[in-house]
1. On the given criteria, is Ile49 away from the ligand (no atom under 16 Å from the Cβ), over 20 Å from Glu163 (Cα atoms) and without any contact (Cβ under 8 Å) to a residue 40 or more places away in the chain?
2. Test each condition in (1) away from the ligand (no atom under 16 Å from the Cβ); (2) of a type in the set (Gly, Ala, Ser); (3) open to solvent by 10 Å² or more (accessible area, probe 1.4 Å); (4) touching a residue at least 60 places away in the same chain (Cβ under 8 Å) for Ala178 and report the one that comes out false.
3. Please specify each residue of the stretch 249-272 satisfying the condition of being charged (D, E, K, R) and open to solvent by less than 70 Å² (accessible area, probe 1.4 Å).
4. Quick one: would you say Lys327 is away from the ligand (no atom under 16 Å from the Cβ) and free of Cβ contacts under 8 Å to residues at least 60 places away in the same chain?
5. Does Ser206 count as within 16 Å of the ligand (Cβ to nearest atom), closer than 15 Å to Val70 by Cα and in contact with a strand residue (DSSP E or B) (Cβ under 6 Å, 6 or more places away or on another chain)?
6. Please list, ordered by first then second residue, the pairs with beta carbon atoms under 8 Å, 6 or more apart or interchain, first in the stretch 280-292 and at negative phi, second part of a helix (DSSP H, G or I) and aromatic (Phe, Trp, Tyr).
7. Taking the residues in the stretch 139-154 that are more than 12 Å from the ligand (Cβ to nearest atom) and in contact (Cβ under 8 Å) with a residue 24 or more places away in the chain as candidates, determine which candidate is nearest to Ser183 (Cα to Cα).
8. Which ranges mark the helices (runs of 4 or more DSSP H) fully within the stretch 295-412 that have 3 or more residues being outside the structural domain of Asp119 (by TED's automatic domain parsing) and among the hydrophobic types (A, V, I, L, M, F, W, C)?
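The values are calculated or read from the model by the stated rules, or taken from the named source; none is laboratory data. All values derive from a computational prediction rather than experimental measurement. Positions of Cβ are backbone-derived with ideal geometry, glycine not excepted, and every protein chain shown enters the neighbour counts. Note: accessible area is taken over every heavy atom of the protein model, side chains too, but ligands, DNA and RNA are not part of it. Shrake-Rupley method; radii C 1.70, N 1.55, O 1.52, S 1.80 Å.
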Amino acid sequence: MYEVFEYTYNWFFTEIMTQSVPFFRPSIGQEEQDNILSVLKNGWLTTGIWCKKFEQAFAEYIGVKHCVAVNSATAALHLSVIASGIRPGEAVLVPTMTFVSTVEVLYYHNIHPILVDCDPKDLTMSAQDARCKLLQAREKGVRVTGVIPVHYAGKMVQMDWVESLVEEFDLKIIEDAAHCCCSKYFSNRHKKWFKKCPTSLTQCYSFYCTKCITTGGEGGIVATDSDELANKIRSLSLHGLSTNAWERFSEQGDAFYDITTLGYKYNLTDVAAAIGCAQLVKADHFTKHRIQAVAIYKKFLQGIPHISCLQDEPEHFLHSYHLFVIKLNTMQTLVSRDQLIQQLKIKHIVTSVHWKPLHLHSFYQKQGYTASSFPEATHAFNQIISLPLFPDITEEQIYHVVNTLKKLLTGG
Ligand SMILES: Cc1ncc(COP(=O)(O)O)c(C=O)c1O
């Protein structure tokens, strides 16, 4: 007990004395601790009733028929791709401005990613370039059967244009919603707000430690309205076992199971789901705090030269602000983006970059992509910085970040 106290004390003390600002700190309270304890006392640690509870609560929260809890968004995307019926040799549109998970799950099955440039206003996938890539593929006889839009930083892609494209080119949609949780978009087509696009097969969430809510470090969920997809994904997530196999140790469950397909070990544990249940109750509260923090950031950032924010368009989107990304006009600043990140680090302010687009990574360059193939994403990459943001960030911390930025940028 004393060691824990000493560690926590030292950590806080260091943070206060150095005015350090972490990039992210999860908000874990008594509720998470109580739930964990309840699982530990109950004695069933892996997939069980807490996973079921979490899945039901999350499905209700998003407004979908089914959720299947898994151990990461990467697993959620992988199983969605398999269950969708997209086949080896086919191609899928994906933004280059994304984390590698969105694309690696395609490579696992010899499905070809077709990378798409981004829209500079909010860094989501460019509607114009997506259409252009589909027409080029059609001309070359490449069979494109899917699209994975990525909801960037907590702002969803305007799915109306994706739905139009899907109708025109007969595509399946899998949403990468790793950065969302509380996000919504207003559909002009359907005249409604949506958390999940009604046409998408599945939507894949991440509960990694820095995300909108966490299941204790790692975790994910697949949301779907399809009974068939939910059953398939559930089975695939646990070795292809018949779907109620986890109940085999209970009095009600059958001691025997059948292996119905080639599967994976992607199930979530009850310990993780119990943390998720406590976090989900607070999800809207966390979002409210992140939105307030961004408003404070924007107020302090006003008047600082060479910095701009991405468009959030609140009349059409509920932005959950998993990340707060700013753009630096590096043509006019004293320091480059990389120097700025380094200098902020020296001053104990931790920032990040989301992301170095895929086409600039060596693996993808070996596939023939060049910087000039995606001019918007290449340009944006040199300008973007994700500033510290988490529900409990204080006004003083935000002021300290902005003030330090200002001094470094203006030499003041
Ligand atoms: C857009 C996007 N998709 C997928 C993932 C993968 O999430 P996970 O770490 O839960 O597998 C991430 C992770 O940061 C992400 O940013």
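1. Numbers: away from the ligand (no atom under 16 Å from the Cβ): yes; over 20 Å from Glu163 (Cα atoms): yes; without any contact (Cβ under 8 Å) to a residue 40 or more places away in the chain: no.
Judged against the criteria, Ile49 is not a match.
2. The one condition Ala178 does not meet is (1).
3. In the first step, residues of the stretch 249-272 are kept if they are charged (D, E, K, R); the result is 251, 254, 258, 265, 270.
Within the stretch 249-272, Asp270 is the sole residue that qualifies.
4. Numbers: away from the ligand (no atom under 16 Å from the Cβ): yes; free of Cβ contacts under 8 Å to residues at least 60 places away in the same chain: yes.
Here the answer is yes, as Lys327 does meet what is asked.
5. Working: within 16 Å of the ligand (Cβ to nearest atom): yes; closer than 15 Å to Val70 by Cα: yes; in contact with a strand residue (DSSP E or B) (Cβ under 6 Å, 6 or more places away or on another chain): yes.
Taking the combined requirement at face value, the residue satisfies it.
6. Leu280/Phe54; Leu280/Phe58; Leu280/Tyr61; Ala283/Tyr61
7. Step one: list which residues in the stretch 139-154 are more than 12 Å from the ligand (Cβ to nearest atom), which gives 139-147.
Keeping just the survivors that are in contact (Cβ under 8 Å) with a residue 24 or more places away in the chain gives 142-147.
Numbers: Val142: 34, Arg143: 32, Val144: 28, Thr145: 26, Gly146: 23, Val147: 20 Å.
Across the stretch 139-154, the extreme among qualifying residues is Val147.
8. Working: elements: 337-346, 362-365, 375-381, 395-410.
Those helices (runs of 4 or more DSSP H) span 337-346, 375-381, 395-410.
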